[in-house]
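The values are calculated or read from the model by the stated rules, or taken from the named source; none is laboratory data. Predicted, not measured: the structure shown is a model, and the values here were computed from it. Cβ coordinates were reconstructed from backbone atoms using ideal geometry, including for glycine residues, and neighbour counts include every protein chain displayed. Quick note on the areas: whole protein, heavy atoms, side chains included, nothing else; ligands and nucleic acids left out. Shrake-Rupley method; radii C 1.70, N 1.55, O 1.52, S 1.80 Å.
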Amino acid sequence: MLDSVLRPISVLVLHGPNLNLLGQREPGIYGSLTLAEIDRLLEEEGKKLQAKVICLQSNHEGALVDAIHEALRQHQGILINAGAYTHTSVALRDAIAAVNLPTVEVHLSNIYRREDFRHHSYIAPVAIGQISGFGVQSYLLGLQALVHHIRK
Ligand code: DQA
């Protein structure tokens, strides 16, 4: 069967600052799912796509940079919600450019409907694409797009 010949793929899911507070953090903007629930949905989606999904959250820019560097040896792609670092971090942008792994940027909220300072992303120019505004579906659609991109 076709399924059995798919090569193994591992994807690193990175969540940036304050996303550990999902569920209680501004639910009108970010929804009521906790980060653990989002991670579980991503792992389930990964199983359907026959891709291993490893999720990591950090509030620290350097820890996220380290994780991106380490991804080079372990993963074939990165799905990232960099949170507020999206709008500030040249270091994250440079890390993604340096490892040159296919990267999809996601946001729960539609960053373009919000404050002006959220309209610019340092990540977008080094990502293969961006999905913003669909709540947890942004992550699931992003994972699908990334796995399809890696396999194509
Ligand atoms: C976010 C949008 C960012 O502007 C914000 O700083 C976040 C979450 C989102 O998923 O909608 O922390 O990345």
TODO: Quick one: dipole size for the stretch 2-151, taken about the Cα centre, charges +1 on Lys/Arg Cβ and -1 on Asp/Glu Cβ, in debye to the nearest 20.
DONE: 280 debye
TODO: Over the chain, with every protein chain in place, what whole percent of the accessible area is carbon and sulfur at 1.4 Å, could you tell me?
DONE: 53 percent
Task: Förster-model FRET efficiency, 41 Å R0, residue 113 and residue 50, C-beta, rounded to 0.05 - done: 0.75
- [ ] With springs connecting C-alpha atoms under 10 Å apart, model the chain as a Gaussian network and identify which of 23, 135, 83 has the largest mean-square fluctuation.
- [x] 23
Open item on the list: If I model a spin label at residue 141 and residue 69 as a point 7 Å from the Cα along the Cα→Cβ vector, what separation in nanometres do I get?
Closed with: 3.5 nm
Open item on the list: At 1.4 Å probe radius, can you tell me the per residue accessible area of the chain in Å²?
Closed with: 51 Å²
- [ ] Would you calculate a helix-derived [θ] at 222 nm for the chain, using -39,500 (n - 2.57) for each DSSP H run of n ≥ 4 and dividing by the full residue count, to the nearest 500?
- [x] -12500 deg cm²/dmol
TODO: Tell me which residues come under 5 Å, amide H to amide H, from residue 22 once H is placed; ignore anything under 5 positions away on its chain.
DONE: 35
TODO: Report residue 112's accessible area, 1.4 Å probe, all protein chains in place, as a number in Å² to the nearest 10.
DONE: 110 Å²
Task: Under 18 Å from residue 48, Cα to Cα: aspartates and glutamates that are on another chain or at least 8 residues apart - done: 3, 37, 39
- [ ] Please name which of 74, 144, 109 has its Cα lying farthest along the dipole of the stretch 67-152 towards the positive end, using unit charges on Cβ (Lys, Arg +1; Asp, Glu -1) and the Cα centre as origin.
- [x] 144
Task: Rounded, prolate or oblate (a/c below 1.5 giving rounded, otherwise prolate when a/b exceeds b/c) for the stretch 1-91 by Cα gyration tensor - done: oblate
